[in-house]
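Structure record follows, encoded as structure tokens.
The values are calculated or read from the model by the stated rules, or taken from the named source; none is laboratory data. As the structure is a prediction and not an experimental result, all values here were calculated from the model. Neighbour counts run over all protein chains shown; Cβ positions are idealised from the backbone, glycine included. Quick note on the areas: whole protein, heavy atoms, side chains included, nothing else; ligands and nucleic acids left out. Shrake-Rupley method; radii C 1.70, N 1.55, O 1.52, S 1.80 Å.
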Amino acid sequence: MRWIGILGLALCLNVPVVAAQDEPAWPSPASFLKDMEQSAADLGGREAKWVKKSFGPRFAALEAGRQGQVMSLVEALQETRQPFAESIWGYLKGVDALLQRPDAAAWTGWHRHVAFFASSTKHRQRAKAYLANSEGLLNQGKLHSANTGTWLVRGGRMAFDLDDQDRPRISFDSSTVVCLAKGDSARLHQVRGQYDVLENEFRVETGRLDWERTVREGDFQAEVRAFNIRLKGSTFTTDSATFQSDMFGTPLHGTLHFKVQAEKQAKKRTYPRFESSAGRIVLDSVFHGVSYEGGLAVRGSKMSGMGSDGLPAEITFNQADSVLVVCRSQEVLFSEDGLDAVHAALVMRLGEDSLTHEDISIRYLDKKRLFRATRQVEGVGMQPFVDSYHGIEVEAEALEWRLDGPVVEFRRLAGGGAEPGAFRSLDCFEKDVYDQMMGIDPIHPLAELSRYTNRRGVDSFYAAEYADFLGLQTEQAEMILVGLTNVGYVDLDLATGFCQVKPRAVKHMLCQKGARDHDVLAFYSRPRGTVYATLSLNNLRMSLKGIGQIAVSEAQDVQIVPDGGEIALGEDRDFAFSGLVKAGKFQLKGSDFEFDYASFKIEVRQAESLRIMVEQPGKYDTYGRPALRLVASSIEELTGTLEIDNPRNKLSFPMIREKIAV
């Protein structure tokens, strides 16, 4: 083995290598070929025939120096006990591949690799795999092949050389890296990098991945740089990707996931994937009238928005070039048909006011031009919509708006339950609803919360702190706080557990004690169809349907029964109706009534009649109160004002003060 030390130098000089032994292994090229043919016969008759008929003539025509080079390397491989069936046979196949395409640089560089393995037993297993792959490498650019996948490099420039530690490597430029697996393939284009032979890794310097065979083909691409691909699988991930598209001007930096996927339908492909880590894009027209700003995640044919730079993604829906709806969410799913987002914050602009919801599911269907916001069925998303223009909160399953239309609908979903829609004044306090929250607990949850905040002197805290105060698990305390969030007493961030007490909690504690004025104004909608109410975007009037009796004042025993179950709600709880007004012992029937919330009175514009009820001596109702009956006569064709209460104290006066001009 003394001659092996000079083998590498001799190969670099492209001169024949003569072993420093008394006799060479083969006295002539013919004897070498004969020996190779006999060894090949152990593999099979086809292999022996190949040596004799194909390899032999090409080798015999080779110049003497290269013949000696080949024979010396085969002898060296035998000395290092490399098996003929893999290593030596693979080497001969590689030599034959080079003989069929004269390339002096490839011959010299590749033989440096073979010499490296022939001079050492340290990398014996890697040498066997590399040499066995020689023909595939030189003819097809095949780097690695296994059950998990086959990696090839096609096109561009390929150079065999040694790195700064004299280890074998193959350098590529302007090439395409291809992975074949699962009956499918994926490609990385315009690659510059090196194949580390010993580590069986491809070290990419630069490259480009296109969204081939997806519905986004031609639209998306990602530039990659400085990462390694381990060739034992059919995937790679890099966090140094730059995503680009003609759909937006700003390149995004993030993580790219590559995987060969056996999926023939383009719309169902979920790779390649990209997730932005920084930067925000602006898409002015995702769909007509719909814009997007935020980060981006792409999963094959599916594109989704995501929060970035510490801000949620934002979707805006426009009408007549003005923004009407703004939704913010950490994730937005785009499709050819529209978009979806769960746990979104909704703002619908109503002049200087708005209708809002902090945790809603939204969907946009482009073919129908339909925007839908649906309340969650659990968690903090069960809380109502808050409408600051009309001064109400709205409990309806969904809100729907067609972008080209002037009407917003509050409705229940088809197939949903028969729960009524509730439209309550923001100052409404219903004691029976308040008491229902207590359930079978010994103390009301709001009273417990008030006890905690008063004792600690705080109006914000974490769920874990509240759990410690209650002696419960954090999860149990969170469930209590979720319930309080849904009735508007606190704001709970489920992600962090942070909880902020809202002013409404303090108000309702005072209302419960009788220490604060409030109203009982609530409209419950039970329509025959699925639409509770419609909101006109032209004049912001809300038309409510299926309304039964409305309690205006419990203390003064004032109720309204609207004709047809319909009322028209205006700004700050003012509303118009026709029907019957019950005020203590008076019943007023007519049309075009106007209720003014600020002064808490009813303008009587066209009353048909005023009837009075009197007590029936010795008769009582089911509540033990004197039974009443209507007097036979009535006052007709009235106009004027029915004052229900002093506007500064809506519940303090025991009698209704009325001024009716006849």
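For this structure, a couple of remarks:
- Note, ³J(HN,Hα) from phi for the stretch 579-591, Karplus 6.51, -1.76, 1.60, rounded to Hz, x at Gly and Pro: x, 10, 10, 9, 10, x, 9, 10, 10, 10, 10, x, 9
- Segment T237-I440, length gained on full extension (0.36 nm per residue, minus Cα span): 67.7 nm
- Seen from a random direction on average, the alpha-carbon convex hull of the stretch 43-104 projects onto 4.3 square nanometres.
- Zone of N139's modelled label, taken as backbone nitrogen in the stretch 40-71 under 20 Å from a point 7 Å along Cα→Cβ: 40-62
- If you take all other residues with their beta carbon under 12 Å from the beta carbon of F371, and give Lys and Arg +1 and Asp and Glu -1, the sum is 0.
- Over all Cα atoms in the stretch 296-345, the spread is summed up by Rg and Dmax: 11.5, 34 Å.
- Placing a pseudo-label 7 Å from each Cα along the Cα-to-Cβ vector at S335 and R526 gives an inter-label distance of 3.7 nm.
- Phi angles across the stretch 445-453 convert, under the Karplus curve 6.51 cos²θ - 1.76 cosθ + 1.60 with θ = phi - 60°, into 3J(HN,Hα) values of x, 6, 5, 5, 5, 4, 4, 5, 5 Hz, Gly and Pro given as x.
- Amide H to amide H distances under 5 Å link E201 with D196, where only residues 5 or more positions off or on other chains count and H is placed in the peptide plane.
- Backbone N atoms of the stretch 364-397 closer than 19 Å to the 7 Å Cα→Cβ label point of D404 belong to residues 364-372.
- Per residue, the convex hull volume that the Cα atoms of the stretch 515-572 enclose (Å³): 102
- Rounded FRET efficiency, nearest 0.05, which uses the C-beta distance separating K367 from T622 and R0 of 56 Å: 0.50
- One quarter of the convex hull surface built on the alpha carbon atoms of the stretch 303-443 amounts to 11.3 nm², the projected area averaged over directions.
- For I567, nonlocal amide neighbours, meaning residues 5 or more places apart or on other chains whose placed amide H falls under 5 Å from its own, are L544.
- Cα-projected label distance for L510 with S185, points at 7 Å along beta-carbon direction, nm: 7.6
- The chain: angle of helix 503-512 to the longest principal axis, Cα-based, in degrees nearest 10: 40
- Extension reserve of the A25-S119 stretch, reckoned as 0.36 nm per residue once the Cα distance is removed: 32.1 nm
- Spatial offset of the stretch 27-77 relative to the stretch 509-542 amounts to 95 Å, using the alpha carbon center of each.
- The share of Cα pairs per 20 Å bin across the chain, counted from zero up to the longest distance, runs 15, 30, 21, 16, 12, 6, 1, 0 percent.
- Sites T250 and V377, calculated FRET efficiency, Cβ-Cβ separation with R0 41 Å, nearest 0.05: 0.65
- Full extension of the segment from A278 to R208, taken as 0.36 nm per residue of separation minus the current Cα-Cα distance, would add 23.2 nm.
- For the stretch 334-380, the relative contact order works out to 33 percent when only alpha carbon pairs closer than 8 Å and six or more residues apart are counted.
- A 1.4 Å probe run over the protein chains yields, for the chain, 48 Å² of accessible area per residue, whole-number rounding.
- Split the accessible area of the chain by element, probe 1.4 Å, and carbon with sulfur accounts for 48%.
- The stretch 596-619 and the stretch 172-188 have Cα centres separated by 84 Å.
- Working value for the stretch 460-519: equivalent-ellipsoid semi-axes of 24, 12, 9 Å, each the square root of 5 times a Cα gyration tensor eigenvalue, largest first.
- Using a Förster distance of 45 Å, the FRET efficiency for S285-E554 (Cβ separation, nearest 0.05): 0.30
- For the stretch 332-348, the Karplus equation 6.51 cos²θ - 1.76 cosθ + 1.60, evaluated at θ = phi - 60°, returns couplings of 10, 9, 9, 9, 5, 8, x, 8, 9, 8, 10, 6, 9, 9, 10, 9, 10 Hz by residue, with Gly and Pro reported as x.
- The stretch 554-586 and the stretch 97-115: distance between their alpha carbon centers, rounded to Å: 97
- Length-normalised contact order for the stretch 314-429 - Cα pairs under 8 Å, 6+ apart - percent: 17
- Ranking of M542, M437 by solvent-accessible surface, largest first: M437, M542 (1.4 Å probe, protein heavy atoms only, all chains present).
- Along its three principal directions, the equivalent ellipsoid of the stretch 169-218 from the Cα gyration tensor extends over semi-axes of 23, 14, 7 Å, largest first.
- Once backbone amide H atoms are built at 1.01 Å from N, K368 has no partners under 5 Å, excluding neighbours fewer than 5 places away on the same chain.
- Between D459 and Q38, the modelled label-to-label distance comes to 10.0 nm, taking each label 7 Å out from Cα in the direction of the beta carbon.
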